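Student: Quick one: this structure, given as C-alpha cells, is what I'll be asking you about.
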Amino acid sequence: MTARAPAKVNLLLSSGPRRDDGYHELLTVFQALSLADDVTATPAPEWGVSVRAAAHPAAGGAGAAGELDVSGVPLDEGNLALRAALLLARETGAGSPVHLSIRKGIPVAGGMAGGSADAAAALVACDALWHTGLGLDGLSELAAGLGSDVPFAVHGRTAVGTGRGERLVPVLTTSTWAWVLVLAGHGLSTPAVFAEFDALAAAGALPPEGDPAERLRAVEAALRAGDPQALGAALSNDLQAAACSLAPAPAGPRAAGRAPGAAGAVVSGSGPTVA
Ligand code: C5P
C-alpha cells in the first residue's frame, strides 16, 4: 500500500514566546506542494524502514544528478514514519509488522516538513492496509502526537495552523501557485532554530514583523484573489532571522526576493530552504 504526502511551505509564520511545555504558540499558513514523499507499507516478518531519493531530473546545481541527500534519515525507531506505524498499530490493535519503503522527494531537514510527510503517509498507508476505520479525525489526532506539522501533512492543501501548528482551518485559494525553491547544501534542526529565536528575542535582536492578525489578513486576501505579487509582498516568517543567524540561507531570502521577476521570498518554516 503506497501513500503520498506533500512538502509544505509556510507563507506566514508568527511565533509567540516559548510556552511552559517547551513549544511556541504559532500562527502560520501552510501550503502543500506537489513535491512529495511516497511511503509504501508491505507486510513483513518484522518492523523495518528503508529510504531512497526520488530522481529529480529538474533539480539543478550541486550534487550528482541533483539527487537529494537522504543520509540523515534515521533507519531505526528515530524514524518518524516507523514511529507512526507503530503508534497506529498500538492504538488500534489492528496492525502487524510492515516494512516501510520511503521514496523521498522532499529535502531532509529543509523546513519543508519532510519527516512529517513520511509520518503522515505511513499513517495513511497502514490505515488502508489494516482497515482501522479511524477516519481523518482519528488519524489527525494520532498525527498531532507524532509532531506539530504531521496533521497538516495528513490534510494537505492550504490551511491556517494555530497552537503548536497542529490545529488547522482550511484557507480558500483561487489559483494554482508555482514556487521556486532554493535548497541549501545543509539542513537545520528545528529545536535549534527555535532556541536561536528565543536567544535573539531575549537579546532584543529580532526584526519587527508587524501585527500577526494583519499579516494573516494580507496572506488570506492574496490567496483569495489569486494574486502572486500580493502574496509575495505578504510573505513573512518570524524564524527567518534565527535560521539565517545559524546558517546563512542559500540565496539570502531578501536578495532572492529582489531577483528579477521574483514576487517575494521567504525562508520556509525553520529553514534553510528559501521559497
Ligand atoms: O512537534 P515537533 O516534534 O515537530 O517539534 C520539534 C521541536 O521544534 C520541538 O521539540 C520544539 O523544540 C520545536 N517547536 C516549537 N514550537 C512549535 C513547534 C516546534 O518550539 N510550535
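Student: If the viscosity is 1.002 mPa s and the temperature 20 °C, what Stokes-Einstein diffusion coefficient in µm²/s follows for the stretch 202-246 when Rh is the Kirkwood radius over Cα pairs?
Tutor: 182 µm²/s
Student: Could you work out how far helix 190-202 tilts from the main Cα principal axis of the chain, as a 0 to 90 degree angle to the nearest 10?
Tutor: 30 degrees
Student: State the percent of C-alpha pairs, over all pairs in the stretch 122-275, separated by a distance greater than 28 angstrom.
Tutor: 28 percent
Student: Per the Cauchy relation, a quarter of the hull surface: what is the mean projected area of the convex hull of the alpha carbons in the chain, in nm²?
Tutor: The orientation-averaged projected area of the Cα hull of the chain comes to 14.3 nm².
Student: In addition: For helix 114-130, report the angle its Cα long axis makes with the longest principal axis of the Cα atoms of the chain; keep it between 0 and 90° and round to the nearest 10°.
Tutor: Here the helix axis deviates by roughly 30 degrees.
Student: What do you get for the angle between helix 80-92 and the principal long axis of the chain? Use alpha-carbon atoms, 0 to 90 degrees, nearest ten.
Tutor: On a 0 to 90 degree scale, this one is about 50.
Student: Report Rg/Rh for the stretch 107-167, rounded to two decimals, where Rg is the Cα radius of gyration and Rh the Kirkwood radius.
Tutor: Rg divided by Rh gives 0.97.
Student: Please compute one quarter of the surface area of the Cα convex hull for the stretch 216-275 and express it in square nanometres.
Tutor: So the mean shadow area of the Cα hull is 3.9 nm².
Student: A further question on this structure: Taking just the C-alpha trace of the stretch 32-151, give me its Rg and Dmax in Å.
Tutor: Expressed in Å, the Cα Rg and Dmax of the stretch 32-151 come to 14.4, 47.
Every number here is computed from the coordinates shown, using simple stated rules; none is lab data. This structure is a prediction, so every number in the text was calculated from the model and none was measured.
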